[in-house]
Each structure stands twice: as C-alpha cells, then as structure tokens.
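Report on the following structure.
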Amino acid sequence: MENKVYIFDTTLRDGEQVPGCQLNTVEKIQVAKALEELGVDIIEAGFPISSPGDFNSVVEISKAVTWPVICALTRAVEKDIDVAVEALRYAKNKRIHTGIGTSDSHIKYKFNSTREEILERAVKAVKYAKRFVEDVEFYAEDAGRTENEFLARVVEAVIKAGATVVNIPDTTGYCLPSEYGAKIKYLCDNVPNIDKAIISTHCHNDLGMATANTMAGLLNGARQCEVTVNGVGERAGNTALEEIAMILKSHSDIDLHTNINTPKICPISRTVSSLMNMPVQANKAIVGRNAFAHSSGIHQDGVLKDMSTYEIIDPKDVGLDGNSIVLTARSGRAALRSRLEALGISVDDERLDALYQEFLRMADSKKEVGDDDLLVLAGGARTDNHHVKLDFLQVTSGVGVKPVASIGLDIAGEKFTAASAGNGPVDAAISALKNIIHRQMTLKEFTIQNITKGSDDVGKVHMQVEHDGRVYYGFGANTDIVAASVEAYIDCINKFKE
Ligand code: KIV
Ligand code: ZN
C-alpha cells in the first residue's frame, strides 16, 4: 500500500461553516494560496449551491490556485452537481465531493427513506458526477454511526459507479479511536473493489477524539484525511491539519508521509485565526502560543542542556524561528511587504501604500509592531465599505469617578455626536453610540482576546449583538481596548440586515 497520505483541507468549507467565521472571497483566496504554499493536495473550496458567495469563491479559488485539486461539495442531487461543475470550470485539477447520510438515523429521520433507496441515490449521484469529472469523491454522512455491513455495501457500489475516493465521516464525533480504526479495517477487508479507491477520514472533535480517530483511520488503511487549519469547524471543530502533519513527521516509525511544508504551519495558523476572528487557545497542540514555552525550572534547565530532553518537535519545523521580526516606525515599505509575505499576505503597491500609512500610525502609538499586529492591520480592509464608521471616541474613567464617553460617528458621510455616562468605560461608550443609533440591539457576548506581549499591544474584541431576532458577529482591534470594543459593536451594526 502506498505510504503517502493525501491532505484534503476543508478549512474553507467545513471550517468556514462556523457562525461568525465567514470569509469574503478575497480572504478565501488568500487562505487558498497559503494552503497551496503549505503543500495540501486537495482544497475543498466550498458548497457552490449553498449561496452565490460560495459559488463565486469556488470560481475565484479555481482561477487563483495551480497545483492542488479544487473540490466542491454537493448533496446527492443532480442540480447541486450541475452547479458545482459550473463553479469548477476554471480549476486545473477538479473534484466533485457528493454524498448522502447512510446511518439508520439519517435514513429514517432526515430522508424518511430506506437503505435500498439511499444506496440507489448514492450510486446515481456518483454516476451523474462522473459524466463531468474524472475525480469523484463520495461521502457517507454519519458513517461513524452506520452499521459496517451496510456501509461496506454502499462503498462497494459507489466505487463500482466510479468513485475514486470514499469518505467515511464521523460526522458527530462519536466514535472511539478503536471503533473508527476497526471500521476502516472492515472496509479494507470486506469491500472487494476497495483497491480501486482511496479511503478518506473525516473526523469531528465533539468528544476530543478527532485527531486520534484520524490516526486510527490512517493506521488501518485510509490514505487521505480531511482536516482544517487550527481544527476550526462547527461545534468542537474538525481534525487539525497541523496535528496530523506533525504526528506523521515526528513518528518515522509509522512510515507514512505528507507533502506538507511544515515551516508554513504557524504562518497559516495565524492567518486563518486572524481572518476568521477565531483565537487559537494558548495550549493548542503545535500552534498554541504556549506549545513550546517551558516554564518549569526543571524543564527549562533540561531544554537548555539539550532540546531533546523535553521538546519532541524543533520549533523551526513549524515555522517558529525564535527571532520573530518586529517592525518599528523606522521600517520602510520593503520591510513591511517582506513581513506580510512571510505571513502569507501578498499586497499590490496601492494596498501596500494604504497599509503602510496605517502601520506608521500604529508604530507611533506602540513601539514595536509584531506579526499579530500586522495581521490585524491587513484584515482592516474589511471595514472599508462600512456604512457606519467611528469618527472619534473620548472616554473618561478611573477610580471614584463615573465613566463618561463622547462619540462621533460617520454614517454614510454624515457626522453625528453624542455622549453618555455608564457603569464602565465600555458601557458608557456603547450607551453614547446608542444615543445616535436608535435600534433595538442587545449585547450577547463580549470577548477580549489576551494581550500577549505588553500593555501597549493591540487588543482584539469579539462581540455578538442581537438585533431583530438574529445574532451578528463583530470584531475590533485597537491598542485602546475601549475603542476596540466600540469598533466590534459597529462591525455588528454594519452587518444588520434590514
Ligand atoms: O461531517 C460530515 O459528514 C461532512 C460531510 C458533508 C463530508 O462534513
Ligand atoms: Zn464535516
């Protein structure tokens, strides 16, 4: 059996389904290009029938990316497949990913159908997709809870119909690693034509077992795994790309390898986290800020004597060179461009000029501008088309005084000002804002992301605001945490659907 493991990245499809993490097409292209540099084999670019935005992203990613296979998701429905074919028209290498639920629960409650009917629909969809593309992947949704004998019948039938890859998702993240591994082995041993297709894993992390399950699948014969950067994804997320890549790299005893250019792991992790407004937990394996930080005296002593005492991965292998470059107000455009490129962000001259001005403003307010700050700056363009903009904000607060704020907003070119007192500086600022924008809106969640390095660092705020029965997600970043909070609130307001 081949010992190459194909990395199928679904950050832009399954990962992007998370509420509040949606990317626009420009951002998706940026991630897709970074994935190409990282060396992934397949990029799942979207679910084209789900929305015009998703359709357009698949079209644009197909144009922008050269080497990886571009994959589009469909249900086992002819119209979905037609739309996916259309979206993939510019892809140099293309794949259709079609499928249907196969567990008894999906068959009964989702489709009100029978096993035989589902099997027929699966075969029909694969045959239909095969008319347009050679590379067809079939997913048996909820395969984790599908009885093995029936799953084997489905897999055999879809391979006979032309499927080149069969995906065995643990959709609900329920399987134990032993169970999931045994399922893959069962398919290898009991599907007569299994040598005609690659088996893929697709594991969710609801019980914290996604990586363990993926590894169990690979050790039992799967040769493709579906993963996302930082493990992003609905609920508890998907298997983390960086974990599988580094497990396979570290364990030469397993003798499985990927095409992942591992020093690109930390840069893409930061890019995805920043664009999706999704902080990476500090102790996240491989890419967490503490993943290589030894704090106990015994560990520090050991690592200083010989790194191998407590470190199983050389930080350089994941792109941490230990001397992350900081820019200052004296740095020029070339240094800024070079650092942005190292972070996977390419900018044309016009955008560089605009970013440089913002960079100088930031460098004036804080001495050193690090990678996280640059990612915040580069993501700032998302506010360019905002209808409501923050013009100014002045807040007085302290011990023994009632916080008061005055605010200026620019709403479609018209200026408005208001003031208010509040329970704290953020409350005062938001109350002042509400004196200008008289709409029913309720703050549901308010998260301030850790300031990692110093008191002059950029603070990031994530917010959820309810308006008219819907919840809107907003993000703000500023060296002033009250201003970042107001920016996040305004970001939500700009997304309100009237
Ligand atoms: O989790 C899942 O079952 C999926 C399929 C649509 C592949 O994401
Ligand atoms: Zn999934």
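Residue check, Ile168 against (1) surrounded by 24 or more Cβ atoms within 10 Å (Cβ to Cβ); (2) more than 11 Å from ligand 1 (Cβ to nearest atom); (3) within 28 Å of Ala91 (Cα to Cα), all met but one. Which one? Status for Ile168: all satisfied but (2).
Summed over segment 119-139, the residues that are touching a strand residue (DSSP E or B) at 6+ places or on another chain (Cβ under 6 Å), more than 21 Å from Arg89 (Cβ to Cβ) and either acidic (Asp, Glu) or open to solvent by less than 10 Å² (accessible area, probe 1.4 Å) (or both) give a count of 2. Among the residues making up segment 274-283, those that are surrounded by fewer than 20 Cβ atoms within 10 Å (Cβ to Cβ) and polar (S, T, N, Q) are Gln281, Asn283. Being more than 14 Å from ligand 1 (Cβ to nearest atom), open to solvent by 10 Å² or more (accessible area, probe 1.4 Å) and within 18 Å of Asn148 (Cα to Cα) is the requirement here; does Asn190 meet it? When the stated conditions are applied, Asn190 passes them.
Residues checked against (1) part of a strand (DSSP E or B); (2) within 16 Å of ligand 2 (Cβ to nearest atom); (3) in contact (Cβ under 8 Å) with a residue 12 or more places away in the chain:
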| residue | (1), (2), (3) |
| --- | --- |
| Ile7 | yes, yes, yes |
| Arg13 | no, yes, yes |
| Glu36 | no, no, yes |
| Asn56 | no, no, yes |
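In segment 20-34, of all residues being away from ligand 1 (no atom under 16 Å from the Cβ) and part of a loop (DSSP other than H, G, I, E, B), the one that is modelled with the lowest pLDDT corresponds to Gly20. Checked against the criterion of being among the aliphatic types (A, V, I, L, M) and modelled with pLDDT of 95 or more, segment 258-267 contains one or more residues that satisfy it.
The listed residues are Val26, Val85, Val69, and the only one of them that is open to solvent by 20 Å² or more (accessible area, probe 1.4 Å), touching an Asp or Glu at 6+ places or on another chain (Cβ under 8 Å) and in the same structural domain as Val155 (by TED's automatic domain parsing) turns out to be Val69.
Restricting attention to segment 156-197, which residues are β-branched (Val, Ile, Thr) and touching a Cys at 6+ places or on another chain (Cβ under 7 Å)? Steps first, answer last, please.
Restricting attention to segment 156-197, the residues satisfying the condition of being β-branched (Val, Ile, Thr) are 158-159, 164-166, 168, 171-172, 184, 191, 194.
Residue satisfying the conditions is Ile194 alone.
Of all the residues in segment 193-211, those that are hydroxyl-bearing (Ser, Thr, Tyr) and over 16 Å from Ser178 (Cα atoms) number 1.
Residue by residue, here is whether (1) away from ligand 1 (no atom under 14 Å from the Cβ); (2) more than 24 Å from Lys28 (Cα to Cα); (3) in contact (Cβ under 8 Å) with a residue 40 or more places away in the chain; (4) aliphatic (A, V, I, L, M) holds:
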position: Val83; (1), (2), (3), (4): yes, no, no, yes
position: Glu86; (1), (2), (3), (4): yes, no, no, no
position: Tyr90; (1), (2), (3), (4): yes, no, no, no
position: Ile100; (1), (2), (3), (4): no, yes, yes, yes
position: Glu116; (1), (2), (3), (4): yes, yes, no, no
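Looking at segment 349-396, which of its residues are in a loop (DSSP other than H, G, I, E, B) and buried (at least 18 other Cβ atoms within 10 Å of the Cβ)? The answer is Lys366, Gly370. Inside segment 221-270, residues that are closer than 21 Å to Lys183 by Cα, within 16 Å of ligand 2 (Cβ to nearest atom) and surrounded by fewer than 17 Cβ atoms within 10 Å (Cβ to Cβ) make up a count of 0.
The values are calculated or read from the model by the stated rules, or taken from the named source; none is laboratory data. Just so it is clear, the structure is predicted and the values come from calculations on it, not from any experiment. Please note: Cβ atoms are built from the backbone with ideal geometry, for glycine as well, and neighbour counts cover all protein chains shown. SASA here: full protein model, heavy atoms, side chains in, ligands and nucleic acids out. Shrake-Rupley method; radii C 1.70, N 1.55, O 1.52, S 1.80 Å.
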